[in-house]
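Taking it in order: structure first as structure tokens, then the write-up.
The values are calculated or read from the model by the stated rules, or taken from the named source; none is laboratory data. Just so it is clear, the structure is predicted and the values come from calculations on it, not from any experiment. Positions of Cβ are backbone-derived with ideal geometry, glycine not excepted, and every protein chain shown enters the neighbour counts.
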Amino acid sequence: MSSDKNITDWVNPGDKSGEFKRQVSSFRHWISRENGAQFPPEKGRYHLYVSYACPWVRPELSSKTTNSKLIVGKACRTLITRHLKGLEDIISYSVVHWHLGEGGWRFVTKDEKEPGENVIPDPIAGHEDFTHLRHVYFESEPEYSGRYTVPVLYDKKTNKIVSNESSEILRMLNTEFNDLIGEEYRKVDVYPEHLRSKIDEADEWTYDLINNGVYKSGFATTAEAYEKNVLALFEALDRAEEHLASHNGPYFFGKELTEVDIRLFVTLIRFDPVYVQHFKCNIRDIRSGYPKLHLWMRNLYWQHGAFRDTTQFEHIKWHYTRSHTQINPKSITPVGPLPHILPLDEEVRAVKTAVPAATGEKA
Ligand SMILES: N[C@@H](CCC(=O)N[C@@H](CS)C(=O)NCC(=O)O)C(=O)O
């Protein structure tokens with residue numbers, strides 16, 4: 001990113017539409033099992049740089065779960081997949097500091113203690129002087145001029161970034177390490193052949209209107225851009241709610257957990273705690289406005305360590321409310337909603353009254 005730009009310039013200041021346009025990822029190599037591949041799957045060779053704050057990331061899961069008012073675990077797409085596929089001993093990971101400041105994501109210093117596992121200085125040998133993720137980008141490409149985004153899949157052998165595109169990283173983790181993992185993990189397939197066209201179709205609208213829709217609403221710098229995007233976002237949430245109502249869960253496509261669950265979860269888990277107020281996505285919230293989505297999300301969270309343990313609400317809330325000073329200049333983090341996620345068998349009052357069957361109670 002050139003030095004005359006601010007990190008908070010999510011919308012190009014010269015862009016009269018006021019609309020946020022996400023940049024295209026620049027590192028698009030693939031780890032591949034094919035003979036002669038430039039990046040073959042190997043135990044211990046690759047590293048994931050992630051942020052617990054960012055829905056695009058994929059942190060790791062641990063067996064122990066902390067569940068207090070403010071801490072609930074750690075999250076993200078690529079990390080969820082890493083855990084589901086049993087790749088913990090094969091691909092290492094580390095987490096950047098939750099604050100996104102000038103110069104982009106930074107690593108914690110040796111003396112800093114932030115919540116969550118693996119929030120550590122850059123652990124790669126030779127990176128002792130790297131204070132920011134941008135140093136990893138420059139190491140790979142000295143002339144790099146884009147944004148320094150997470151996640152980054154990094155090759156420790158060649159000191160190159162393999163990919164900074166989470167949807168592609170997710171697919172690599174799903175299949176390309178299958179020769180290195182046990183049978184129980186090999187059979188986990190979040191992009192199964194028979195559901196591919198449905199997954200692709202769902203990914204398309206859920207990505208544009210929901211995952212990116214919250215950002216397009218929140219980063220808009222004109223009322224027109226905001227209103228257009230927030231209305232489209234809620235229409236898409238209505239569509240997802242109807243979809244779930246017509247499928248027998250617990251997952252988006254019924255009995256099989258797919259990448260649609262992973263991709264949608266990371267946005268919906270942030271919805272009530274952050275997007276409702278910070279990005280003005282407040283036509284409804286999930287807990288009182290979308291009973292099916294709410295139940296689907298809580299099922300993933302409470303029944304699967306891969307989702308729960310990768311959700312770190314402190315990183316999530318602090319990141320958005322204290323990094324986006326163009327939206328929240330005083331950096332005050334709203335306390336609620338409390339709890340950040342409801343237990344599986346509890347509903348907010350409005351839902352209990354309207355849909356008694358949701359909790360099994362009589363009206
Ligand atoms: N296409 C990328 C987008 C990733 C992305 O936008 N990451 C955000 C965090 S959610 C980021 O790192 N932003 C930092 C910046 O733009 O300076 C992906 O899906 O992997």
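Could you tell me which numbered condition Arg171 fails, if it satisfies all but one of (1) touching a helix residue (DSSP H, G or I) at 6+ places or on another chain (Cβ under 7 Å); (2) in a helix (DSSP H, G or I)?
Answer for Arg171: the failing condition is (1).
Yes or no: segment 206-216 includes at least one residue that is touching a Gly at 6+ places or on another chain (Cβ under 8 Å) and either among the basic types (Lys, Arg) or surrounded by 16 or more Cβ atoms within 10 Å (Cβ to Cβ) (or both). Give the derivation first.
The initial filter retains those residues of segment 206-216 that are touching a Gly at 6+ places or on another chain (Cβ under 8 Å), namely none.
The answer is no, given that none of the residues of segment 206-216 is touching a Gly at 6+ places or on another chain (Cβ under 8 Å) and either among the basic types (Lys, Arg) or surrounded by 16 or more Cβ atoms within 10 Å (Cβ to Cβ) (or both).
Taking the stated definitions as given, is Asp155 away from the ligand (no atom under 16 Å from the Cβ) and over 22 Å from Cys76 (Cα atoms)?
On the way: away from the ligand (no atom under 16 Å from the Cβ): yes; over 22 Å from Cys76 (Cα atoms): no.
In short, no.
How many residues does segment 75-99 contain that are within 20 Å of His319 (Cβ to Cβ), crowded, with 22+ Cβ neighbours inside 10 Å and of a type in the set (Ser, Thr, Tyr)?
So the count comes out to 2.
For segment 138-152, which positions are outside any strand (DSSP E or B), surrounded by 17 or more Cβ atoms within 10 Å (Cβ to Cβ) and within 11 Å of the ligand (Cβ to nearest atom)?
Matches in segment 138-152: Arg147, Tyr148, Thr149, Val150, Pro151.
Of everything in segment 174-199, what is under 14 Å from Pro40 (Cα atoms) and in a loop (DSSP other than H, G, I, E, B)? Give them in sequence order.
Listed by number, the residues that qualify are Glu176, Phe177.
Quick check: anything in segment 222-229 under 24 Å from Cys76 (Cα atoms) and crowded, with 17+ Cβ neighbours inside 10 Å? If you could, list the steps in order and put the result at the bottom.
Step one: of segment 222-229, the residues under 24 Å from Cys76 (Cα atoms) are 229.
Then drop every residue that is not crowded, with 17+ Cβ neighbours inside 10 Å, which leaves 229.
Yes, some residue in segment 222-229 is under 24 Å from Cys76 (Cα atoms) and crowded, with 17+ Cβ neighbours inside 10 Å.
Scan segment 242-273 for residues that are of a type outside the set (Val, Ile, Thr), within 24 Å of Ser217 (Cβ to Cβ) and buried (at least 18 other Cβ atoms within 10 Å of the Cβ) and report the count.
So in segment 242-273, the residues of a type outside the set (Val, Ile, Thr) come out as 242-257, 259, 261, 263-265, 268, 270-273.
So of that shortlist, the ones also within 24 Å of Ser217 (Cβ to Cβ) come out as 242-244, 252, 259, 261, 263-265, 268, 270-273.
Then drop every residue that is not buried (at least 18 other Cβ atoms within 10 Å of the Cβ), which leaves 244, 252, 259, 261, 263-265, 268, 270-273.
Here the count works out to 12.
Hey, among Ser26, Ser17, which residue is more than 16 Å from the ligand (Cβ to nearest atom), polar (S, T, N, Q), part of a loop (DSSP other than H, G, I, E, B) and at pLDDT 65 or above? Before you say what the answer is, go through the steps one by one.
Values: Ser26 fails: more than 16 Å from the ligand (Cβ to nearest atom).
It is Ser17.
Take Ser331 and tell me if it is touching a strand residue (DSSP E or B) at 6+ places or on another chain (Cβ under 8 Å) and either within 30 Å of Trp105 (Cβ to Cβ) or surrounded by fewer than 23 Cβ atoms within 10 Å (Cβ to Cβ) (or both). So that I can check it myself, show each step before the final result.
Values: touching a strand residue (DSSP E or B) at 6+ places or on another chain (Cβ under 8 Å): no; either within 30 Å of Trp105 (Cβ to Cβ) or surrounded by fewer than 23 Cβ atoms within 10 Å (Cβ to Cβ) (or both): yes.
Spelling it out, it is not the case that Ser331 is touching a strand residue (DSSP E or B) at 6+ places or on another chain (Cβ under 8 Å) and either within 30 Å of Trp105 (Cβ to Cβ) or surrounded by fewer than 23 Cβ atoms within 10 Å (Cβ to Cβ) (or both).
Against the condition over 19 Å from the mean Cα position of the chain (by Cα), crowded, with 21+ Cβ neighbours inside 10 Å, away from the ligand (no atom under 13 Å from the Cβ) and part of a loop (DSSP other than H, G, I, E, B), how does Asp122 come out, does it pass?
Values: over 19 Å from the mean Cα position of the chain (by Cα): yes; crowded, with 21+ Cβ neighbours inside 10 Å: yes; away from the ligand (no atom under 13 Å from the Cβ): yes; part of a loop (DSSP other than H, G, I, E, B): yes.
So Asp122 fits the description; yes.
Please verify whether Asp129 is more than 16 Å from Thr78 (Cβ to Cβ) and touching a strand residue (DSSP E or B) at 6+ places or on another chain (Cβ under 8 Å), treating the condition exactly as stated. Give the steps one after another, and end with the answer.
On the way: more than 16 Å from Thr78 (Cβ to Cβ): yes; touching a strand residue (DSSP E or B) at 6+ places or on another chain (Cβ under 8 Å): no.
So Asp129 fails the test.
Restricting segment 156-169 to residues that are more than 15 Å from Asp122 (Cβ to Cβ) and within 22 Å of the chain's Cα centre (by Cα), which is surrounded by the fewest Cβ atoms within 10 Å (Cβ to Cβ)?
In this case the residue turns out to be Ser167.
Would you please list the contacts, defined by Cβ atoms under 7 Å and residues six or more apart or on different chains, that run from a residue in segment 318-345 that is free of Cβ contacts under 8 Å to residues at least 40 places away in the same chain to a residue that is among the β-branched types (Val, Ile, Thr) and in a loop (DSSP other than H, G, I, E, B)?
Close Cβ pairs (under 7 Å, with a partner that is among the β-branched types (Val, Ile, Thr) and in a loop (DSSP other than H, G, I, E, B)) amount to Ser331/Thr325; Asp345/Thr359.
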